[in-house]
Number of protein chains: 2
Amino acid sequence: MSKKSKSPSIRDIAKEAGVAISTVSYVVNNKDLVADDTKKKVLKAVDKLGYKPNFIARSLRTRKTNTVGVIVYDISNPFVAQIVRGMEEIVKTRSYIMVLGCTFNNASEEERQINVMVNQFIDGLLIVSGSDNENIYKKILAKKLPLVFVDRELEKLPSTSIIIDNALAMEKAVDYLFSMGHRQIGYISYPMGKQTTIKQRYSGYVRGLEKNNLAYNSDYVIMDEKFTDKELEGKDMDITFKLMQDFIKTRKLPTAFITISDIIAYGLIKALKDNNIKVPDDVSVIGFDNIMFDDYMSPPLTTVKQPKKMMGITGMNLLLDIIEGKNTENKRIILPTEIIKRQSVKSIPLN
Amino acid sequence: MSKKSKSPSIRDIAKEAGVAISTVSYVVNNKDLVADDTKKKVLKAVDKLGYKPNFIARSLRTRKTNTVGVIVYDISNPFVAQIVRGMEEIVKTRSYIMVLGCTFNNASEEERQINVMVNQFIDGLLIVSGSDNENIYKKILAKKLPLVFVDRELEKLPSTSIIIDNALAMEKAVDYLFSMGHRQIGYISYPMGKQTTIKQRYSGYVRGLEKNNLAYNSDYVIMDEKFTDKELEGKDMDITFKLMQDFIKTRKLPTAFITISDIIAYGLIKALKDNNIKVPDDVSVIGFDNIMFDDYMSPPLTTVKQPKKMMGITGMNLLLDIIEGKNTENKRIILPTEIIKRQSVKSIPLN
DNA sequence: TTGTAGGCGTTATCAC
DNA sequence: GTGATAACGCCTACAA
């Protein structure tokens with residue numbers, strides 16, 4: 001097998017055009033220092049030999065790779081995929097390159113990936129994941145590497161984040177259910193590790209209850225460790241389904257459930273249906289995220305919409321701004337949420 | 001704001017340990033040429049200064065980046081996301097880095113991305129997309145850059161591909177429907193551009209019809225240009241839904257539909273339901289891909305399973321093998337499919 | 001406006 | 001076993 005054919009270097013162009021190396025560099029980098037006809041000669045040579053500046057060499061010299069790292073917990077999760085899609089859009093238009101890694105919320109895997117990327121390689125890092133270990137991020141911060149979190153934020157360290165007001169979103173969900181006549185409102189969530197979003201949502205749920213003078217009933221609240229079992233990557237739907245199968249048989253049901261993700265809501269609804277409990281006639285369900293399948297479920301899922309793509313877009317733009325020195329503060333950008341009313345919530349006549 | 005703190009270079013380590021640069025290099029790269037106590041000294045210095053070899057410099061020198069490019073048409077498509085997830089798994093275990101780009105089946109965007117990546121930057125390329133323009137790939141092939149297609153293959157050029165037998169899969173779908181008593185079998189697909197998968201599936205559909213002595217009825221076949229409208233990125237479900245709304249009102253329906261993706265099946269089913277046509281009682285539907293939501297639809301979707309994650313795993317392993325020189329032939333790996341029987345297909349009693 | 005030369009951090013090829 | 005040194009391809013003072 002023949003070798004990869006070697007591409008022409010800046011030297012070859014200089015020789016071909018009969019000019020100095022630096023002249024070629026100026027032309028290639030659009031520095032307006034070169035006489036027009038010299039420029040033409042150079043461009044002709046570039047074209048003839050098909051010269052492309054060597055990305056690696058340039059990076060070594062400039063200490064800039066035009067590459068950003070994106071670390072997510074699971075790219076096959078529709079919520080995440082949508083965020084990444086937004087990021088990709090920006091990366092593309094601003095001519096950066098995006099490196100992707102999945103961690104499945106495994107802290108050591110996250111650390112490994114961050115180390116690989118950070119190691120004099122990426123210009124900035126975007127994290128849509130959340131290990132329980134803030135020490136990992138401390139190192140990045142210490143290196144002054146641009147770092148932006150999406151759908152996460154740090155508790156103790158100052159951080160740049162694109163988030164929604166998770167507590168408020170949940171509070172509004174409770175309000176909505178309350179306004180529809182529900183007085184027994186259940187809650188299904190991952191257990192509370194150090195993920196701020198999960199904690200905030202829970203506090204929003206509790207706050208919503210209090211605000212509407214509803215008693216907190218632990219029978220109605222499920223926050224099971226199984227959700228975060230490392231062996232069960234990306235199987236949230238199936239886990240919820242199984243979990244709820246048990247739950248339904250052993251406990252009293254509320255008239256409505258709030259879930260922290262549409263995926264969990266899907267699992268819940270299936271379990272409910274399988275036990276001949278009608279949604280929304282017997283039990284109402286409200287999801288979170290507004291992923292693209294909600295409209296196609298039976299019943300179509302009422303949910304709290306997160307501006308997923310916009311979160312990706314905003315996060316990536318902010319990161320690139322920071323990289324380019326346009327923006328250096330520890331911003332905390334809060335994007336709006338909205339309850340999308342479909343058919344999985346039914347109003348209960350008051351009596 | 002202070003500058004990014006500069007990391008120590010191999011030179012710093014050499015100085016600290018009182019040895020030559022090359023010695024440090026040997027130690028760092030595990031070349032067994034160094035005396036044990038010299039090694040210890042070096043390692044100590046490495047540890048003390050927190051030295052990490054500079055990835056970029058190394059790449060410049062070795063002409064290897066340990067980076068592979070992955071080009072997909074849409075990361076937010078669950079089928080694609082699952083493939084990418086498989087790839088990510090392998091990338092991780094074989095210590096490569098993965099760069100991702102989405103093209104939305106836009107040929108010029110695909111070309112742009114390929115150019116960016118190929119430009120002396122990636123060690124190999126994995127494509128899960130398919131422009132109509134084989135010229136783009138010719139260039140890559142000419143450069144001898146390792147290139148693997150997943151769920152695609154080239155028509156005129158020899159290529160390395162991980163695919164399923166699309167024609168056979170569709171033929172089996174027809175067989176299955178026939179065995180369930182269906183004699184009017186419709187087909188919903190993207191229009192046939194140059195994508196081999198789409199063509200092959202269609203030919204499988206036709207073959208299945210012939211094999212079972214069923215007449216081809218163009219009234220039952222929908223292959224609309226709207227599916228590939230560039231403006232409608234990733235909206236297959238909604239497009240199908242609208243398309244079928246019209247279709248249902250104007251044409252006679254078959255007793256069963258085969259679709260080329262689960263996503264399209266979802267759109268179809270919703271349109272059917274909205275028009276009070278029951279699935280599967282009035283019309284059966286069979287999807288393609290077996291994405292993770294199938295089980296949660298009403299009715300759960302019968303579908304042709306593609307081994308998505310395995311396609312990603314196999315493709316990435318093959319690509320890395322080629323990069324590492326373990327494997328250089330133009331392989332064409334065909335992975336098996338399987339009909340997953342759920343509840344969207346009903347048997348029709350023969351009369 | 002153009003040319004020269006030094007250096008980015010490695011690895012690889014030689015000597016010693 | 002170890003050390004010096006020349007690339008890799010580019011950018012950028014600085015000199016001319």
Those residues of the range B:117-138 which are part of a helix (DSSP H, G or I) and free of Cβ contacts under 8 Å to residues at least 12 places away in the same chain, in sequence order: B:ASN135
Residues that are touching a residue at least 24 places away in the same chain (Cβ under 8 Å) and of a type in the set (D, E, K, R), drawn from the range B:15-43: B:GLU16, B:LYS41
Sole residue being surrounded by 12 or more Cβ atoms within 10 Å (Cβ to Cβ), within 43 Å of the chain's Cα centre (by Cα), among the aromatic types (Phe, Trp, Tyr) and closer than 25 Å to A:ALA142 by Cα, chosen from B:TYR26, B:TYR51, B:TYR73: B:TYR51
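Looking at the range A:129-143, can you tell me whether even one residue there is modelled with pLDDT under 95, more than 23 Å from B:THR67 (Cα to Cα) and within 15 Å of the chain's Cα centre (by Cα)? Working first, answer last.
Residues of the range A:129-143 that are modelled with pLDDT under 95, as a first pass: A:129-143.
Subsequent filtering for residues that are more than 23 Å from B:THR67 (Cα to Cα) retains A:130-139, A:141-143.
Then keep just the ones that are within 15 Å of the chain's Cα centre (by Cα); that gives A:130-131.
Within the range A:129-143, one or more residues are modelled with pLDDT under 95, more than 23 Å from B:THR67 (Cα to Cα) and within 15 Å of the chain's Cα centre (by Cα).
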Qualifying residue in the range B:325-344 (condition: crowded, with 24+ Cβ neighbours inside 10 Å and not assigned by TED's automatic domain parsing to the domain that holds B:TYR73): yes
Filter result for B:ALA107 (more than 15 Å from DNA strand D (Cβ to nearest atom) and either modelled with pLDDT under 95 or of a type in the set (Gly, Ala, Ser) (or both)): yes
Hits in the range A:66-82 (condition: over 14 Å from A:LEU319 (Cα atoms), touching a helix residue (DSSP H, G or I) at 6+ places or on another chain (Cβ under 8 Å) and not acidic (Asp, Glu)): A:VAL72, A:TYR73, A:ILE75, A:SER76, A:ASN77, A:PRO78, A:PHE79, A:ALA81, A:GLN82
Tally, over the range B:191-213, of residues that are within 18 Å of the chain's Cα centre (by Cα) and assigned to a helix (DSSP H, G or I): 6
Restricting the range B:29-59 to residues that are near DNA strand C (Cβ under 9 Å from one of its atoms) and touching a helix residue (DSSP H, G or I) at 6+ places or on another chain (Cβ under 7 Å), the residue that is farthest from A:THR65 (Cα to Cα): B:LEU33
Total residues in the range B:7-19, condition small (Gly, Ala, Ser) and either near DNA strand C (Cβ under 8 Å from one of its atoms) or within 14 Å of chain A (Cβ to nearest Cβ) (or both): 2
Exclusive hit being more than 8 Å from every other protein chain (Cβ to nearest Cβ), assigned to a helix (DSSP H, G or I) and buried (at least 23 other Cβ atoms within 10 Å of the Cβ), set B:VAL68, B:VAL42: B:VAL42
Wholly within the range A:218-322, strands (runs of 3 or more DSSP E) carrying at least 2 residues that are of a type in the set (Ser, Thr, Tyr): A:302-305
Residue among B:ASP262, B:ASP321, B:ASP282 that is in the same structural domain as B:LEU125 (by TED's automatic domain parsing) and of a type in the set (Asp, Glu): B:ASP321
B:LYS4 modelled with pLDDT under 90, assigned to a loop (DSSP other than H, G, I, E, B) and within 14 Å of chain A (Cβ to nearest Cβ): yes
Residue check for A:ASP32: more than 13 Å from chain B (Cβ to nearest Cβ), surrounded by fewer than 19 Cβ atoms within 10 Å (Cβ to Cβ) and either within 8 Å of DNA strand D (Cβ to nearest atom) or not in a helix (DSSP H, G or I) (or both): yes
Residue list for the range A:20-29, restricted to those being more than 14 Å from chain B (Cβ to nearest Cβ) and near DNA strand D (Cβ under 9 Å from one of its atoms): A:ALA20, A:ILE21, A:SER22, A:THR23, A:VAL24, A:SER25, A:TYR26, A:ASN29
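The values are calculated or read from the model by the stated rules, or taken from the named source; none is laboratory data. Everything quoted here is computed from the prediction, not taken from an experiment. As a convention, Cβ positions derive from the backbone with ideal geometry for all residues, glycine included, and neighbour counts pool all protein chains shown.
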